[in-house]
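The values are calculated or read from the model by the stated rules, or taken from the named source; none is laboratory data. Note that this is a predicted model, so its numbers are computed, not measured. All Cβ positions, even for glycine, are placed from backbone atoms using ideal geometry, and neighbour counts span all protein chains on display. Please note that ligands, DNA and RNA were not included when accessible areas were found on the heavy atoms of the full protein model with its side chains. Shrake-Rupley method; radii C 1.70, N 1.55, O 1.52, S 1.80 Å.
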Amino acid sequence: MEHVHLAVDEDDLYSGYNDYNPTFDSEELENDVGFQQAVRTSHGRRPPMTAKFPGTAIGARPLPSSFGSRIPMVSSMGRPVTGAVQDGAARPMTAVRAAGYSSSLTRGSAFDPLGQSRGPAPALETKNEDTPEEKIKILEKKVNDLLEESCMAQSMGASQLALEKAKEAGRKERTLVRQREQSGNADINVDLTYSVLLNLANQYANNEMYPEALNSYQVIVKNKMFSNAGRLKVNMANIYFKQKNYSKAIKFYRMALDQISNAHKEMRIKIMQNIGVVFIRMGQYSDAITSFEHIMSESPNIKTSFNLILCYYAIRDKERMKKAFQKLISVPLNIDDEDKYIASSDDTLSNMVIEAIKNDKLHQMERDLKVLAEKYIMTAAKLIAPAIETSFATGFDWCVDMVKSSQYVELANDLEINKAITYLRQKDFNQAVETLKTFEKKDSRVKSAAATNLSFLYFLERDYDQSDRYADLGMNADRYNPAALINKGNTVFVRQDYEKAAEFYKEALRNDSSCTEALYNLGLTYKKLNRLEEALDCFLKLHAILRNSAHIMYQLASLYELLEDPQQAIEWLMQVISATPTDPQALAKLGELHDSEGDRSQAFQFYYESFRYFPSNIEVIEWLGAYYIETQFCEKAIQYFERAALIQPTQVKWQLMVASCYRRSGYYQKALETYKEIHSKFPENVECLRFLVRLCTDMGLKEVQEYATRLKKVEKMKKIKEQRVKSGREGSARGRREGSAGSADSGGSTKGERLSAKMRSLPASSEPYETSSPKEIDASYVDPLGPQMERPKTGARKRMDDDDFADIELGDDLLPE
């Protein structure tokens, strides 16, 4: 506590700030006797070195104080400061000059330590660019800049610009060489020449100008000045490979291999792998196997192992296929375990490092390598499973067992699901279902995937109860599985509970914002609920993701039509036609919209194109026939009505239209024959008999009386039928009013009802008798599932459906092939 000083209020906190060492006071130097004496005399010369006090090398040097007169300054050796003048004579000049001080200071010269009084410094000398050396340097810099610009343009995808820059760099480089020769400078920048030629050859190859690229590579290879230029024969071999000149590709790959030493092992392995691929293209599988087996013995990798399996599969060698598959799953990937990227300690610094490297490029490369390896293993298993055993199921089981004992254990379940998908391709649905049901007791991810596939299968079979059950099972196993939520929404959609279906689709979108199936189905649901603006928003978002989807553009056109904006609907349908120019239903819809807008000529073009691609659409045929009749070209309308009669032979109106067209065109004899043929098929048709009577009268034929008699009989029968039907209806109405008032009246009423029902079941006199009710063939795809359901287009003809709900997307979780 003795060293602790407490601040007292009475003390001046700012005391001592003006105190300073008087040694640094230059204002009183004129009054300092010691200093003035040192300046005027040579008193300050150093005497021999002697110590004033024992044990120290410091002489007596009293410090001046702010009180009293100053004491002359003495050096550590006991003499005054140098630079003093004795008796007015200047001392000899020393080798060191004081900064700004001189003996003339006292004679009135200005203090100018920086020499500013001498004026500004002279300007720097400019470079003389006319000299050959400077010209060469400038030209070299231009060539290097053009090379850099060419490489940057290529990296950004501007291949044409990169080629232009490379050509310009070549021209500049040749000019540079000529200037060197003219200046007598024999030193050539070989590296610059090599870079220019190589870049030009690469840009020719990138622009698919293969002859020019080969010539440029040949110039480099033949020049002895360039060391290791033989490696470029690999590039030449690659060009021959693209040109499908496989024999020359093999030749140049082998030439490059001969010029690369064994020290470059990795490059030699890659060249041998290329040689093996070329042999596969040539169908020489034994030679390819030799190359791949050598690589697997030297430096095994995933791609080579997969190619080796393909070669063994091509020659149908079962045992070697098995061995190659075992090698494939045992190839080390040399990547870190995923646990490395999981923060497991409380160390903040360590967690920050893990967070930084979790998504860096190196980790992304490792993930891509792992995904590639899994893809090759899955593809190889699906390929060899049917070939290595008597049945594909046994082969799949062998592959699954091998995978379970390898580092890819998690792929075993995916292989089992692929087994079920293979059953589906073989139309063995029962086996597929049984295989998928085995996953009900597996872990949640696999269980959810299997349940989703089962739900999809049952939905396609229209077993909606089972589909709903497995959709629930998939959701319970993994609530964040968007495919399971979509299937659940589809089963609810079938029951017409659109609000609930929309909720499931929304939840699927919350779990996976990129799920286009959920967004598409949500738009269809909003359309069904007549929430057209929300449906339009959904489909516009989908169009931003899937720019060329004809289904989405058709739905947008349909929505704009419902919103009474036909121009927008026409624009979207034109985009549909640009994507699928042979879609007859979209063409027919365009014709309908133009017809509603009053543009008959444009409507005719689209209807005619629709008929040309699909000549069985009754609506299109009827419109075209009516158009020709309106434009007074009845003979052209005949072919359309004849086709309609072929499609619907039990509909008399098409045959009557054919006869009418003959009559209007002046072909009365042909019209008469047609009417007679119609009368033979439909003897009770009143319209046909009336035209027969009229034609026979106009032509003066004898059959007119016969047809007139038949017409009267048919008309009389028609009136009797109408009276019976009318009386039957009145009787049934009176019976309903009277109820069960009396047994006699009740019996009469029942009899009348039976007669009425029987009469109603018979065709009218103007219609032909049919054993079943007439059904018009719709040109658009009609889903047999029901009017409220929308299904994907699965037929052989891919056409747009005019129905509001044409193609609901199913949330299947089938693994890709």
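Would you point out the residue of region 300-311, among those that are over 15 Å from Met272 (Cα atoms) and open to solvent by less than 10 Å² (accessible area, probe 1.4 Å), that is nearest to the chain's Cα centre (by Cα)? The qualifying residue nearest to the chain's Cα centre (by Cα) is Ile309.
Within region 278-291, residues that are assigned to a helix (DSSP H, G or I) sit with their Cβ atoms under 6 Å from residues that are open to solvent by 70 Å² or more (accessible area, probe 1.4 Å) and not polar (S, T, N, Q), at 6+ positions apart or across chains, in these pairs: Tyr285/Ile315. Among the helices (runs of 4 or more DSSP H) confined to region 559-656, the ones with at least 1 residues that are small (Gly, Ala, Ser) and surrounded by fewer than 16 Cβ atoms within 10 Å (Cβ to Cβ) are located at 566-579, 584-596, 600-613, 618-630.
Of the numbered criteria (1) under 28 Å from Gln632 (Cα atoms); (2) among the charged types (D, E, K, R); (3) open to solvent by 90 Å² or more (accessible area, probe 1.4 Å), the one Lys676 fails is (3). Among the residues of region 407-430, those that are outside any helix (DSSP H, G or I) and either over 29 Å from the mean Cα position of the chain (by Cα) or touching a residue at least 12 places away in the same chain (Cβ under 8 Å) (or both) comprise Gln407, Tyr408, Val409, Gln426, Lys427, Asp428. Got at least one residue in region 421-436 being more than 23 Å from Val492 (Cβ to Cβ) and in contact with a Cys (Cβ under 8 Å, 6 or more places away or on another chain)? No, that holds for no residue. Are any residues in region 377-406 more than 20 Å from Cys311 (Cα to Cα) and among the basic types (Lys, Arg), and if so, which ones? Scanning region 377-406 gives a single hit, Lys404.
On the basis of being under 25 Å from Arg612 (Cβ atoms), aliphatic (A, V, I, L, M) and open to solvent by less than 60 Å² (accessible area, probe 1.4 Å), does Leu556 make the cut? In short, no. Close Cβ contacts (under 6 Å, 6 or more residues apart or on different chains) running from residues in region 503-528 that are more than 16 Å from Leu559 (Cα to Cα) to residues that are open to solvent by less than 60 Å² (accessible area, probe 1.4 Å) and aromatic (Phe, Trp, Tyr) comprise Ala518/Tyr505.
Can you spot a residue in region 501-511 that is open to solvent by 60 Å² or more (accessible area, probe 1.4 Å), more than 17 Å from Asn453 (Cβ to Cβ) and in a loop (DSSP other than H, G, I, E, B)? No, there is no match, as no residue in region 501-511 is open to solvent by 60 Å² or more (accessible area, probe 1.4 Å), more than 17 Å from Asn453 (Cβ to Cβ) and in a loop (DSSP other than H, G, I, E, B).
Scanning region 213-264 for residues that are at pLDDT below 90 and in a loop (DSSP other than H, G, I, E, B) yields Asn223, Lys224, Met225, Phe226, Ser227, Asn228, Gln259, Ile260, Ser261, Asn262, Ala263, His264.
Could you tell me which of the residues Asp478, Asp463, Asp468 is more than 30 Å from the chain's Cα centre (by Cα) and under 20 Å from Lys506 (Cβ atoms)? Reasoning before the result, please.
Details: Asp478 fails: more than 30 Å from the chain's Cα centre (by Cα); Asp463 fails: under 20 Å from Lys506 (Cβ atoms).
Just a single option satisfies the conditions, and that option is Asp468.
Residues in region 683-694 that are touching a Phe, Trp or Tyr at 6+ places or on another chain (Cβ under 8 Å) and either modelled with pLDDT of 85 or more or aromatic (Phe, Trp, Tyr) (or both): Cys688, Leu689, Phe691, Leu692, Val693.
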